[in-house]
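*Asks:* Sending over a structure as structure tokens; questions will come in a sec.
The values are calculated or read from the model by the stated rules, or taken from the named source; none is laboratory data. Computed from a predicted model, the values in this text were never measured in an experiment. In this analysis, Cβ positions are derived from the backbone assuming ideal geometry, glycine residues included, and neighbour counts consider all displayed protein chains.
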Amino acid sequence: MSFWMIFKVAVRAIFRNKTRSLLTCLGIIVGIAAVIAVMAIGQGAQTMMVKEISSMGNNLVMVFPERRNQGAVSGGMGQGQTMTAGDAEAIKKELSHLVQGVSPQVRTSVQMMYAAKNWSGNVQGVSTDILGISNWVVQEGRFFTEDEERLSARVCVVGTTVRKNLFDGEDPVGKTIRLKNMTFKVIGVLGPKGANNWGQDQDDVVMAPYTSVQRYLQRSKFRNINMMNLSLVTMDDLEEAKREVGALLRQRHHLADYQDDDFETRDTTEIMNTIGSVTGLMTVLLTAVAAISLLVGGIGIMNIMLVSVTERIKEIGLRMAIGATPANILMQFLLEAVVLSTVGGAVGVVVGIAGAQTIGSVKGWPILIQTGSTIGAFAFSAVVGMFFGFYPAWRASKLNPIDCLRYE
């Protein structure tokens, strides 16, 4: 018998029991659909996180002062008193071959007021370098200048969330707002950035010269800062830059060799690696669950094929009696199993893609469907059918034609 003839016989056998064939495919459909959906959502989430982290800054390195502990209570990063704006100035001056931008940062929460409206939000004191470091764009107006920073001018730029809640459609540029009972002139509006990976609204912010925030809002007699944002010339020099920055800060803070650093550095590479590890682990776990569904589907195919062999013993004997070889019988039943699994795989791919896109549109999640993973999942369904269909097909090929014809 030719392969094409065997294939047609196998397909006709499948269509004789449509309901049973559909139920047999169901496990494969669920498994493949789950694999496709999980991988699409997982890859999309990872891509979104990487994009959002990249939006935090160009070649960004963050330096925090030491953590302060009082008894069993930790003050957290950025709450130490060991770092000053002078440290940022020294890094910018002495490490210009590695660092292209430095911005000290101080922050405080204040009540913002304009006319009859008020809004509680964050004020970040930064330097003029922050635009290039953190990829901020001034949408309207302008950013403050180095002279305004040096003179502690009471000027600021606002994020889109602050603009919406405080000005209610009115053009804020040129208006005066009150921050903690101090008047500041709005000179610009920042472009939107949206929420970050921690769900924090990055647009709910007011930026002002750090010198002005220290002087008028924090009323600090010191030049302590909460952190520094550094933009490296290239991330290829990341480790060297971290060593040089660390050595310079230790020298400025007069730390002996036996003393620990009183600062801590973080870079986007660490964050990306952490997020990649977490999302990768979750994808592996969910894919393992989906693989179990495929295993169950494969076992279902094997059970149904064993039942089919038992029901068709006389047919097998008759085929052997008129010239079919054991290899023909093996091929016929193996093809039936493979056809069931591949049809289930194809339907599963369609269901998985549709399901992932539906979840993405409803939840607002990014979806990334990769052609390679889709083809791989479909090919795996064929392998499942071949693996679990082999034993029933082998049993059918080993039957004695005389015993088959006598079977009741």
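*Asks:* Collect the residues in region 131-183 that are polar (S, T, N, Q), modelled with pLDDT of 90 or more and touching a Ser or Thr at 6+ places or on another chain (Cβ under 6 Å), keeping them in residue-number order.
*Replies:* SER152, THR176, THR183
*Asks:* Does ARG219 satisfy being surrounded by fewer than 16 Cβ atoms within 10 Å (Cβ to Cβ) and modelled with pLDDT of 90 or more?
*Replies:* Judged against the criteria, ARG219 is not a match.
*Asks:* Then there's this: Anything in region 387-400 that is closer than 12 Å to GLN332 by Cα and hydrophobic (A, V, I, L, M, F, W, C)? List them, or say none.
*Replies:* Within region 387-400, PHE390, ALA393, TRP394, ALA396 qualify.
*Asks:* Criterion first (modelled with pLDDT of 80 or more, under 20 Å from THR283 (Cβ atoms), part of a helix (DSSP H, G or I) and small (Gly, Ala, Ser)) does GLY300 satisfy it?
*Replies:* no
*Asks:* What is the one condition in (1) surrounded by fewer than 17 Cβ atoms within 10 Å (Cβ to Cβ); (2) modelled with pLDDT under 80 that ALA290 does not satisfy?
*Replies:* (1)
*Asks:* Now for a different question. Does region 14-28 hold any residues that are surrounded by fewer than 24 Cβ atoms within 10 Å (Cβ to Cβ) and β-branched (Val, Ile, Thr), and which are they?
*Replies:* ILE14, THR19
*Asks:* Tell me whether region 216-229 contains one or more residues that are assigned to a helix (DSSP H, G or I) and closer than 30 Å to ALA116 by Cα.
*Replies:* yes
*Asks:* Quick one: in region 152-204, which of the residues that are of a type in the set (Gly, Ala, Ser) and part of a loop (DSSP other than H, G, I, E, B) is nearest to GLN124 (Cα to Cα)?
*Replies:* Step by step, filter region 152-204, then rank; the result is GLY159.
*Asks:* If I ask for residues that are under 28 Å from the mean Cα position of the chain (by Cα) and surrounded by fewer than 18 Cβ atoms within 10 Å (Cβ to Cβ), which ones from region 222-237 would you list?
*Replies:* VAL233, THR234, MET235, ASP236, ASP237
*Asks:* If you check GLN259 against the conditions, is it out of contact with any Leu (no Cβ under 9 Å at 6 or more places or on another chain), modelled with pLDDT of 90 or more and exposed (fewer than 13 other Cβ atoms within 10 Å of the Cβ)?
*Replies:* The answer is no for GLN259.
*Asks:* Here's another thing I want to ask about it. Residues to consider are ILE316, ILE304, ILE329, ILE299; find the one that is of a type in the set (A, V, I, L, M, F, W, C), under 22 Å from PRO392 (Cβ atoms) and surrounded by fewer than 18 Cβ atoms within 10 Å (Cβ to Cβ).
*Replies:* ILE299
*Asks:* Can you find a residue in region 138-146 that is under 17 Å from LYS92 (Cβ atoms) and either without any contact (Cβ under 8 Å) to a residue 24 or more places away in the chain or within 29 Å of the chain's Cα centre (by Cα) (or both)?
*Replies:* Yes: region 138-146 contains one or more residues that are under 17 Å from LYS92 (Cβ atoms) and either without any contact (Cβ under 8 Å) to a residue 24 or more places away in the chain or within 29 Å of the chain's Cα centre (by Cα) (or both).
*Asks:* Condition first: surrounded by 17 or more Cβ atoms within 10 Å (Cβ to Cβ), in the same structural domain as MET39 (by TED's automatic domain parsing), assigned to a helix (DSSP H, G or I) and touching a residue at least 60 places away in the same chain (Cβ under 8 Å). Can you find one or more residues in region 361-371 that meet it?
*Replies:* No.
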